[in-house]
Amino acid sequence: MITGGAGFIGSKLTRSLLYLGHRIVVLDCLSPQVHSDPSKTHKKIDELGSDVKFVLGDVTCREDLIESLQGVDSVVHLAAETGTGQSMYAIEHYTNVNIGGTALLLDVIANEKFPIKRLVVASSRAVYGEGKYRCPEHGAIFPGARSEVLLSKGKFDHYCPHCEMVLELQPTDEDSALKPSSVYGVTKLTQEQLVLSVGAALGISAIAFRYQNVYGPGQSLANPYTGILSIFSTRLKNGKSFNIFEDGMESRDFVYIDDVISATILGIEHPEPIVDVFNVGSGVGTSVLDIAKLLQNRLAKTAEMSITGQYRIGDIRHNVADLGKGHRMLGYSPKVSLEVGLKQFVDWVETEAIAIDRYDESLSELAARGLIK
């Protein structure tokens with residue numbers, strides 16, 4: 001069973017697992033924020049054939065979970081509300097879906113005696129918060145959320161708490177401190193801890209994949225909370241200006257959807273029992289400003305681009321994943337470079353109808369709550 005199986009990652013995973021001979025149950029509520037055209041999603045699911053059973057339901061509904069788990073031996077739990085900014089005001093909703101839905105899923109598995117052999121949960125790099133840095137003099141440092149006093153002065157980097165030198169970014173490994181700086185990050189950390197704890201207690205193989213910034217064909221272009229690639233692409237296609245927060249030098253680890261699917265399948269088909277966490281990324285950091293320029297070049301479209309110096313509460317400065325553990329234990333290595341992945345993404349974007357642009361609306365919602373400074 002794949003919860004959220006009609007979504008960006010879930011639909012691609014479903015097709016890949018079908019190709020490998022698995023039978024799939026998809027449980028998805030077809031959230032309007034993600035699925036702006038549910039009929040289009042239904043059509044895609046119907047085209048997958050009889051080896052896919054689709055349940056229109058919710059992970060917060062016990063009856064829907066029970067129906068979906070019939071005959072299932074493995075669960076991939078992708079269903080979740082995503083988006084750092086939105087999570088900072090839709091607090092109860094994010095908590096109910098992400099934490100409550102995961103708790104209910106595990107409760108059903110534990111008490112209804114379904115013979116589940118393995119659990120895989122989509123976690124996030126957001127569990128690390130700001131991640132791992134290094135001071136040349138004082139060594140490894142895991143900073144907390146950045147000071148609003150410094151941010152308001154345009155000082156966006158991290159500084160050593162001992163000597164005040166600018167810290168050097170390091171790849172964040174799975175043993176790094178867990179310091180989520182957003183409600184979304186808190187819910188993802190709780191999700192993975194629930195899955196790993198219950199999996200270990202029930203003797204079920206359990207893996208949490210800490211996905212970095214996933215992109216590729218098929219991601220929602222209408223959802224203003226799904227990531228900067230979809231946001232910038234939609235703005236460019238609509239000929240609208242867009243803002244870049246801070247100084248544009250904030251960076252992210254962009255990982256192509258095919259690499260995410262490969263890692264996830266390695267977890268699903270791992271031959272030995274395992275209870276562990278793994279980063280899934282490209283291992284390369286790219287600045288937001290560079291991404292914006294690359295998209296402009298690829299789409300051959302220009303729009304006014306403003307580096308505003310503003311910042312959002314809950315945002316991090318940088319992230320790049322250390323992939324050593326996943327390579328050693330699962331054999332995961334990313335194969336798709338940003339250059340190749342971005343070309344395939346842009347080629348797909350060019351075939352899509354211009355999406356409804358809700359970016360300005362999302363910024364207004366954040367600003368009204370004091371979450372943009």
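The values are calculated or read from the model by the stated rules, or taken from the named source; none is laboratory data. This one's a predicted model, so the numbers in the text were calculated from it and none came from an experiment. Ideal geometry is used to build each Cβ from the backbone, glycine not excepted, and the neighbour counts take in all protein chains shown. Ligands, DNA and RNA are stripped out before the accessible areas are found, and what is left, the full protein with its side chains, is counted by its heavy atoms. Shrake-Rupley method; radii C 1.70, N 1.55, O 1.52, S 1.80 Å.
Brief remarks follow.
- Working note: Karplus 6.51/-1.76/1.60 with θ = phi - 60° gives the range 329-344 the couplings 9, 10, x, 7, 9, x, 10, 9, 6, 4, 4, 6, x, 5, 4, 5 Hz, where Gly and Pro are set to x.
- Calculated SAXS-style log₁₀ I(q)/I(0) at q = 0.12, 0.13, 0.20, 0.26 Å⁻¹ - the range 274-365, Debye, Cα scatterers: -0.60, -0.70, -1.20, -1.34
- Karplus-derived 3J(HN,Hα) values for the range 25-42, using 6.51 cos²θ - 1.76 cosθ + 1.60 with θ = phi - 60°, are 10, 9, 10, 8, 8, 6, 3, x, 5, 9, 9, 5, 10, x, 5, 5, 5, 4 Hz; glycine and proline are entered as x.
- Those trypsin sites (Lys or Arg not before Pro) in the range 189-294 that DSSP places in a loop and that have at most 13 other beta carbons within 10 Å: Lys240
- For the range 136-209: rounded, prolate or oblate by the Cα gyration tensor [a/c cutoff 1.5]: prolate
- Across Lys237/Lys373; Lys12/Lys53; Lys293/Lys373; Lys237/Lys343, pairs whose alpha-carbon gap is larger than 18 Å: Lys237/Lys373; Lys293/Lys373
- Remark on the range 263-316: Rg and Dmax equal 18.6, 53 Å (Cα only).
- The GluC sites (Glu not before Pro) of the range 341-372 meeting both criteria, a DSSP state outside H, G, I, E and B (loop) and at most 15 other C-beta atoms within 10 angstrom of the site's C-beta, are Glu352.
- Candidate residues Met1, Met165: accessible-area rank, largest first, probe 1.4 Å: Met165, Met1
- Lys373-Ile91 FRET efficiency (beta carbon distance; Förster radius 22 Å; 0.05 resolution): 0.70
- For the range 40-196, the relative contact order works out to 28 percent when only alpha carbon pairs closer than 8 Å and six or more residues apart are counted.
- Mean sequence separation of contacting Cα pairs (under 8 Å, at least six apart), scaled by the length of the chain, corresponds to a relative contact order of 18 percent.
- Residues with amide H under 5 Å from that of Tyr311, placed H, sequence gap 5 or more: Glu246, Lys373
- Cα-based shape type of the range 78-218, given that a ≥ b ≥ c are square roots of the gyration tensor eigenvalues and the cut on a/c is 1.5: prolate
- Taking the accessible area of the chain, probe 1.4 Å, and keeping the other protein chains in place, the carbon and sulfur fraction comes to 51%.
- Efficiency of FRET from Cβ geometry, Gln296 and Asp173, R₀ 25 Å, rounded to 0.05: 0.15
- Kirkwood-based Rg to Rh ratio, the range 1-108, C-alpha trace: 0.96
- The GluC sites (Glu not before Pro) of the range 188-280 that DSSP puts in a loop, and whose beta carbon has at most 15 other beta carbons within 10 Å, are Glu269.
- Annotation: amide H of Met165 within the under-5 Å range of Cys160, sequence separation 5 or more or interchain, hydrogens built in the peptide plane.
- Counting only aspartates and glutamates at least 8 places from Lys113 when in the same chain, those with an alpha carbon closer than 19 Å to its own are Glu63, Asp64, Glu67, Asp73.
- The range 275-344 and the range 200-237 have their alpha-carbon centroids 11 Å apart.
- In plain terms, the chain from Glu304 to Ala103 could stretch by 67.9 nm, reckoned as 0.36 nm per residue minus the Cα-Cα distance.
- Full-stretch length increase - Ser197, Gln344 - with 0.36 nm per residue and alpha-carbon distance subtracted: 49.1 nm
- Residue by residue, the range 44-58 carries 3J(HN,Hα) couplings of 5, 5, 4, 5, 6, x, 6, 7, 10, 9, 9, 10, 7, x, 10 Hz when phi is fed to the Karplus relation 6.51 cos²θ - 1.76 cosθ + 1.60 (θ = phi - 60°); x denotes Gly or Pro.
- Nonlocal amide H pairs with Ile141, under 5 Å, H built at 1.01 Å: Tyr133, Arg134, Cys135
- Heavy-atom surface of the chain, accessible at 1.4 Å and reported per residue (Å²): 43
- Label zone at His138 (point 7 Å along Cα-to-Cβ), backbone N below 11 Å, the range 281-319: none
- Length added when fully stretched, Glu269-Ser333, from 0.36 nm per residue minus Cα-Cα: 21.4 nm
- Across the alpha-carbon set of the range 62-130, the Rg to Rh ratio works out to 1.03, Rh being the Kirkwood radius.
- Normalised convex hull volume, the chain, alpha-carbon set, Å³ per residue: 133
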